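Working notes, structure below.
The values are calculated or read from the model by the stated rules, or taken from the named source; none is laboratory data. Note that this is a predicted model, so its numbers are computed, not measured. Cβ placement follows ideal geometry from the backbone for every residue including glycine, while neighbour counts extend to all protein chains displayed. The area values use the complete protein model at the heavy-atom level, side chains included, leaving out ligands, DNA and RNA. Shrake-Rupley method; radii C 1.70, N 1.55, O 1.52, S 1.80 Å.
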Amino acid sequence: MVLTNCIRFTATAAGKFGQRELLCNIRSLATATVASTPSTNSTSSPSGWEQPRRQHASYGKMSGWQIHAYGVPQEEIQFSDGIKMPILKSPTQLLVRVKAASVNPIDVAMINGYGASVLNAMRCKDGGIEFPLVLGRDFCGEIVQKGLGISSRELEVGDEVWGVVPVHLQGCHADYVVVEKYCLFKKPSNLSKIDASAILYAGLTAWSGLYITGHLGDLLGAISPVGGGAGKKVLVLGAAGGVGTLAVQMLLAEGVEVFATCSPDAMQMVNNLGVKYVLDYTDPAHVQNVASVGRFDIVLDCAGKGTEYANEVPWLYDQYITFNSPVLKNIDADGFAAGMYQNALNLVRNNAAALSTRQGLVKWGYFVPAPQGIAYLQRLAEKGKLLPVVEKVFPYGSTPEAYERVAQKHLRGKVVIDFE
């Protein structure tokens, strides 16, 4: 199949660029090969209702899963085979046919309205709309079209890639997705499409928490893919989830002494990842057991405990980093000015309490779609030192069930949608 870009130009534009250059650019932009997709059909689920399957893209349309309002996943996730295909809007963008994608807690949170004020403002600033909204942050797929600013030495049509979508943009739970070059790398050849689709969002969250917020590898670890942190001591709370399972593997690969907490039924799994010191967080004695270890360079909260928890436990640390940030929640509730004031107040109050007890700094960690972070994860994956724990793979037609499983929480690794 061939995608044709309709290019308009005026006599003024022709005069400006010159006939030869303009014709050359039009010829380069005009076509791109698109990988074939399965034919349109449906299959029956165990419950008897017809499940949609991915459609053959035609006349600029594709299939995908969208929301048209905020609410709960089982009510708002809707299938459509008439979604307008995304198009390249800059010379550094690529169009990717999605083969597999994961469902992350941020997807469920966004359906519930999390971050709506800020994310919608960013989306509209980039020329987008609030609804309908396609979710999905990380994926594996095949390049079907690329902008003129991307050389063949970097990426080529037909390459298998893995990538990530910034949270304010239309996501990847559809046949096709457009992303900027910095969000897309060639898929490690030793990873399956399922494993490749389950790493980047959670992995970049863990990486940014450790290396950008936590400075585990000093400045070089934050601005390059070198990692770092050998000989340091880190406690990971919630080590059995999507972010936690990847965080402990990253730390172990860097020679960090890792301690972890999780529920009792997940302890063996975390042990199998290579963590020697695993504690049952449901056992009240674990608080004192952790305290007896001594001071940690970082306590990484992947369990959603939040900043208040840092002051409730008698642990010593240089930094307590949580991904349960109240920033977007406060702005949603109080508006930008009042919300940011509340955020600053929370951070000052929590740090004042921690420092008064000789504990360390309390910080917030975030997902950051940084190319050096993707390069770091790629290096570990290619060396066989990073592999996601995938709890369950859902077929494309069962995407709402995948969302529902993530909404139930207490995941053992990641949930993935297989598009093929």
For this session: Keeping all protein chains in position, work out how much accessible area His215 exposes to a 1.4 Å probe, and write it in Å² to the nearest 10.
Result: 90
Seminar exercise, completed: For Gln145, other-chain or 5+-apart residues with amide H closer than 5 Å (H placed, Pro excluded) are Leu95
Exercise. For the pair Leu219 and Gln268, what calculated FRET efficiency results from E = 1/(1 + (r/R0)^6), where r is the Cβ-Cβ distance and R0 = 35 Å, to the nearest 0.05?
Worked result: 0.40
Exercise. Which loop-located trypsin sites (Lys or Arg not before Pro) does region 192-299 contain, where loop means any DSSP state but H, G, I, E or B and the Cβ has at most 11 other Cβ atoms within 10 Å?
Worked result: Lys276
Exercise. Magnitude of the Cβ-charge dipole of region 214-364, K/R +1 and D/E -1, about the Cα centre, nearest 20 debye?
Worked result: 260
Seminar exercise, completed: Measure of exposure for Ser117: accessible area at 1.4 Å probe, Å² rounded to 10, is 60
Exercise. What whole number of Å gives the distance from the Cα centroid of region 78-155 to the Cα centroid of region 262-326?
Worked result: 34
Problem set entry | Sequence of Thr282, Thr261 when ordered by accessible area, the most exposed leading, probe 1.4 angstrom | Thr282, Thr261
Exercise. Excluding same-chain residues fewer than 8 positions from Lys383, which lysines have a Cα within less than 29 Å of its Cα?
Worked result: Lys99, Lys146, Lys181, Lys186, Lys187, Lys193, Lys232, Lys233, Lys276, Lys392, Lys414
Exercise. Heavy-atom accessible area per residue, region 214-364, 1.4 Å probe: how many Å²?
Worked result: 43
Exercise. For region 99-170, which trypsin sites (Lys or Arg not before Pro) are both in a DSSP coil and crowded by at most 13 other Cβ atoms within 10 Å?
Worked result: Arg153
Exercise. Quick one: length gained pulling Ala291 to His68 fully straight, 0.36 nm per residue minus the C-alpha distance?
Worked result: 75.5 nm
Exercise. What number, in percent, do you get for the relative contact order of region 214-364 if the mean sequence gap of Cα pairs under 8 Å and at least 6 apart is divided by its residue count?
Worked result: 18
